[in-house]
1. How much length, in nm to one decimal, is gained on full extension between Lys67 and Asn36, taken as 0.36 nm per residue of separation minus their Cα-Cα distance?
2. Mind checking segment 15-121 for trypsin sites (Lys or Arg not before Pro) that DSSP puts in a loop (not H, G, I, E or B) and that have at most 11 other Cβ atoms within 10 Å?
3. Taking the beta-carbon count within 10 Å as an exposure proxy, list Ser87, Ser82 from fewest neighbours to most.
4. Between Met21 and Tyr113, what FRET efficiency comes out of the Förster formula 1/(1 + (r/R0)^6) with R0 = 35 Å and r the beta carbon distance, rounded to 0.05?
5. Taking neighbour Cβ counts within 10 Å as the exposure measure, how do Ile26, Ile35 sort from fewest upward?
Amino acid sequence: MASNKLLMLSVVAIFLPAMAMATDYIVGDDSGWTINFDYQTWAKDKVFYVGDKLVFQYPKGYHNVFKVNGTAFKDCDIPPPSEALTSGNDTVVLKTPGQKWYICGVDNHCSAYGQKLSITVLYQYGWEPAPAPLAPTPISSSPSLPTPTAPSWPPAPSLPTTPAPTPEPWVPTTLSVPETTVTDPWAPAPAPWAPSPISSPPSLPTPTAPSWPPAPSPYPWI
């Protein structure tokens, strides 16, 4: 029991000074919340912590206060009238760290007269803005297994791969050579002269033997 009380006292001792150190800032100081005032220069030398308060003071009915995001702040987009603060002494508690944006939604006070304020809120202890919340680690799904494919049967025969012919490093140039008669070195040399052929003697008529006694003439008077 004593240890629990000691712990509670320690927590109070830590946070009580932080609560006591909270600062109320009157936006624009003596000028208040109005037109034709440089609120970025006003906020430049100030450090805002969680727990501090912004007090917007203005004549009621002449101005109002809208809390917007960065895009609406840049473009002076006016939110619905139901979101406006209109009391003339509006107090905004800075509950969370980060960037904050405020504009006036009356007529063109934001776009034409620069009635807008942007500040950065830090932790009470330390000079760094609040860290972004950690994103939950996604649960990794089990790896997907490849879908088995049914083997084809009978298996397709594998065709031999014909290697591509290797190109010759060079191609000889075909020379046209005139035809020449090649003499066989071992052929016998022709005879220096050839004997003239012997001419055969002329054929003589064959003599016929006379018939004897001579045949009688069929004509006796001859």
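Each reported figure results from applying straightforward, stated rules to the coordinates on display, with no laboratory input. No experiment lies behind these values; they were computed from the predicted model shown. When we count neighbours, we look across all protein chains shown, and the Cβ atoms used for this are built from the backbone with ideal geometry, even at glycine.
1. Fully extending the segment from Lys67 to Asn36 adds 9.2 nm.
2. In loop regions of segment 15-121 (DSSP not H, G, I, E or B), the sparsely surrounded trypsin sites (Lys or Arg not before Pro) are Lys46, Lys95.
3. Ranked by crowding around the Cβ, least crowded first: Ser82, Ser87.
4. With a Förster radius of 35 Å, E is 0.55.
5. Going from least to most buried by this count: Ile26, Ile35.
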